[in-house]
Amino acid sequence: MRKVLSGNEAIARGAYEAGVKVVSSYPGTPSSEITDFVKRYGEIYCEWAVNEKVALEVAIGASLAGRRSMTCMKHVGLNVAADPLMTLSYTGVNGGLVILVADDPNMFSSQNEQDSRNYARFAKVPLLEPSDSNEAKEFVKKAFEISEKFCTPVIVRSVTRLSHSMSAVDLGERVEVTSKGLENNIPKWVMVPANGRVRHVFVEERLKELQTYNSESDLVVEEIISNEIGIITSGIPYQYVKEALPEASVLKLGMVWPLPLDKIVDFSKKVKKLYVVEELDPIIETELLAKGLKLKKIKRPLTGELSVDAVKKLFGIKVNKYKTTVKELPNRPPNMCPGCSHRGMFYAISKLKLFAAGDIGCYTLGLLPPLSAINSTVCMGASISMAHGIDRASDGEYAKKSVAVIGDSTFFHTGINGLLNSVYNKGCSTVVILDNRTTGMTGHQPNPGTGITIRGEESPRINFELLCRAFGIKNVVTVDPFDVDECIRVLKEETSKEELSVIITNRPCIFADRTVITNPYFIDADKCTGCTACTRLGCPAITWDKKKKIAMIDESLCTGCGLCPKVCRFNAIFQRGVK
Amino acid sequence: MSFNILMFGVGGQGTVLSSDIVCEVAIESGYDAKKSEIHGMAQRGGSVVSHVRIAKKVYSPVISFGEADIMVSFEYMEFLRYMEYVNSETLLILNTNKIFPPGVLSGKEEYPEKVIKQKLKLFKGVSQIDALKIAQESGNVKVAGMAVVGALAKTLPFEKKVWKNIIESKVPPKTVESNIKAFELGFTL
């Protein structure tokens, strides 16, 4: 049967057809939907782990127990999972293990643009790179075969243009793979130095065998069209090359690490001019130059996405001139939703002019005006540790005018480690945990603070307040983020203390709990003085009438959160149906 | 025969679902098709764009500049963001419903009415459609996007029956009737 699937949906299907038993992942754009699609297959145990390191370790355990397992993450997530990955390369696998990593060239939704192919080279493991949905499904299946045949984890790399594109896929049946049983093999699975030294030799041998396998496999496809130009490419860039240069011969690589060098040398002899077209880092190019292949130089950018036009330009082919562009259009920037439970706390932070070490997630949006409440964003969990660093660097002085801001999912991800560090090292920073009971930005995946699992079954809900007290933190305060005066009072009080404090907010994301949506508010035009206190909240439902110089509320957008009446000093904002 | 269709609007308008439908209809009708979408970090209110490419064989999932055959703007001003895809043959299907961007709402920016009128002249053809009005006639304000899909379907050579089947399979069961009605009204405009 043929079906139109997104790259992510196809990857999930590939895992299903490959007989995968366990999938443990942490959400991250553009990889998040894979595991959400996996949950539709009852045959697969799946879960949201608290972070990518944990997710990979769960997959390793499942592999050790003899079953095929997979973990999915975005590129920055692989940094978190890099520790187990490096040693997993040495232990190898029992049941097949696939690490699906989705890169984000052009950074549509990421804080950096790293090329995960570097990890394959670094960890000395094979990496496959599909170029459309059908290949994504097939390559996942192939990756499990390779994993078991060569006793290695296999990385399958996607990019935004694959994960979030759709094309036709031929569906297959699930193959039930019987368990290999729990493998009790100490020299293989206990990486003490004596065993590790032996396994490193195995890893180097394995890489050579993989190289030969790659050259002989159907993962490398030669398309000879003419002998003038030959292009070595892989993944999504293959599609751009085929369209931009239909007359060129192409060597399409399915496995880009280790490279099929024999096949590449063969191909190089069949063409007059040899080129490499790849996106981001020059992984293939560098390797081929090191092997002494004569490549023609092209001025390829090392940043952003390629495209058909970009490839045409590289080869001096004329591109369609476009007619016109319009500059200075009103933007539609990402914004915190109407009724977002983070807004009130950000308003308070902004009002007090506190320096906020931020984190990854919806609250990053607090960066934008008019709230302008965030001063740094590095990676998941960094806010708490950075605030501690800010505090220690200034002998506590800056701690009085700064806070760390982190969400619930991010806190569980790696913020918890930072908090433990601050406690242990006697820090006096103030940490604000914005608990909205869901992982908002990636699409509302549940987490240990939500109280349900990926499939909606009830699970214990972690209590932040008790957790922080168990850490030994004395100053733990829970506030209603929509009570701005209270937020300001608590922030002032806690930042002034020469002790560590945690402030927890207690309102759910409107998408996590729709019952919090109530009657919309409206502004009494006669009472509005045009002071703009409410428009400074940055709520998409609050509009400004330029002519009359008064504020208005778009009642179709208002969720009735009740924040704006609390900042209105003229008592001009009311709820429909409430006197 | 090939079509490059660029569809865009504001998060929450159903742009992504609509482009899924177009892609599936094309493949069901025996063509190769690919779709690529970029939805920003915003849950709603942000810009959303989908590229749909239909041909005997499609490689790149992304349309090149100057190569859109049809542009579908789910919001009245949004097509201005994508003018670099226009050529002398491009058709525009334009929902005349306006959603004011934050800068306009806060009074800092103007909704670009004049620029819209000017740039409309650059298209070979423009079909304007009041999708919200059609949605209201269909009994559900949330199906406005399907009226736009109906208007698009009229310009493509695929059978109406295929469109209806795919729509039925993609929308929530409770809304099938109103979605099909909006599609029909958009189609017969």
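Values quoted throughout were computed directly from the atomic coordinates according to the rules given, and no laboratory measurement underlies them. As the structure is a prediction and not an experimental result, all values here were calculated from the model. Cβ placement follows ideal geometry from the backbone for every residue including glycine, while neighbour counts extend to all protein chains displayed.
Some notes on this structure:
- The dipole here belongs to segment A:485-577: it is taken about the Cα centre, uses +1 on the Cβ of Lys and Arg and -1 on the Cβ of Asp and Glu, and is about 460 debye.
- From its DSSP helices (H runs of at least four residues, each -39,500 (n - 2.57)), chain A gives a residue-normalised ellipticity at 222 nm of -9500 deg cm²/dmol.
- Residue among A:H342, A:N320, A:F412 farthest towards the positive dipole end of segment A:319-413, charges placed on Cβ: A:N320
- Antiparallel bridge percentage (DSSP; both residues within segment A:221-337; nearest 5): 25 percent
- Here the label points at A:K527 and A:E204, each 7 Å from Cα along the C-beta direction, are separated by 7.9 nm in the simple model.
- DSSP-assigned coil residues among GluC sites (Glu not before Pro) in segment A:82-145, each with at most 14 further Cβ atoms within 10 Å: none
- Placing a label point 7 Å from the Cα of A:F355 along the Cα-to-Cβ line, the residues of segment A:396-437 whose backbone N sits under 16 Å from it are A:396-405, A:428-431.
- Within segment A:339-384, trypsin sites (Lys or Arg not before Pro) in DSSP loop having at most 14 other beta-carbon neighbours inside 10 Å: A:K353
- Label zone at A:F570 (point 7 Å along Cα-to-Cβ), backbone N below 17 Å, segment A:519-537: A:522-537
- Length gained on full extension, A:E397 to A:N417: 4.9 nm, using 0.36 nm per residue less the C-alpha separation.
- Total charge dipole magnitude, segment A:392-482, about the Cα centre, Cβ charges on Lys, Arg, Asp, Glu only, Debye to nearest 20: 240 debye
- Karplus-derived 3J(HN,Hα) values for segment A:514-521, using 6.51 cos²θ - 1.76 cosθ + 1.60 with θ = phi - 60°, are 6, 5, 6, 7, 10, 4, x, 9 Hz; glycine and proline are entered as x.
- Check: the protein assembly as shown dipole with +1 on Lys, Arg Cβ and -1 on Asp, Glu Cβ, in debye: 1380 debye
- In chain B, the sites counted are trypsin sites (Lys or Arg not before Pro) in DSSP loop states with at most 10 other Cβ atoms within 10 Å, and the longest stretch holding none of them, exclusive of the sites, is B:122-189.
- Between B:L122 and A:N118, the FRET efficiency from the beta-carbon distance, with R0 = 41 Å, is close to 0.40.
- Set of lysines near B:K164 by C-alpha distance (under 16 Å), chain-local residues within fewer than 8 positions excluded: B:K154, B:K174, B:K181
- Electrostatic bookkeeping for A:T439 treats Lys and Arg as +1 and Asp and Glu as -1; over the other residues with beta carbon under 15 Å from its beta carbon, the sum is -4.
- Estimated [θ] at 222 nm from DSSP helical runs (n ≥ 4, -39500 (n - 2.57)) normalised by residues in chain B, nearest 500: -10000 deg cm²/dmol
- Listed residues A:L88, A:Q575, A:G61: farthest to the positive end of the dipole of the protein assembly as shown (Cβ charges): A:Q575
- Spatially, segment B:114-175 and segment A:365-399 are offset by 46 Å when compared through their Cα centroids.
- Shape category assigned to chain A from the gyration tensor of Cα positions, a/c cut at 1.5: prolate
- Cα centroid separation, segment A:270-327 to segment A:166-209 (Å): 35 Å
- Sites A:S556 and A:D266, calculated FRET efficiency, Cβ-Cβ separation with R0 51 Å, nearest 0.05: 0.20
- Antiparallel content of DSSP bridges confined to chain A, in %, to 5: 30 percent
- DSSP-loop trypsin sites (Lys or Arg not before Pro) across segment A:37-111, with at most 14 other Cβ within 10 angstrom: A:R40
- For A:Q445, nonlocal amide neighbours, meaning residues 5 or more places apart or on other chains whose placed amide H falls under 5 Å from its own, are A:T439.
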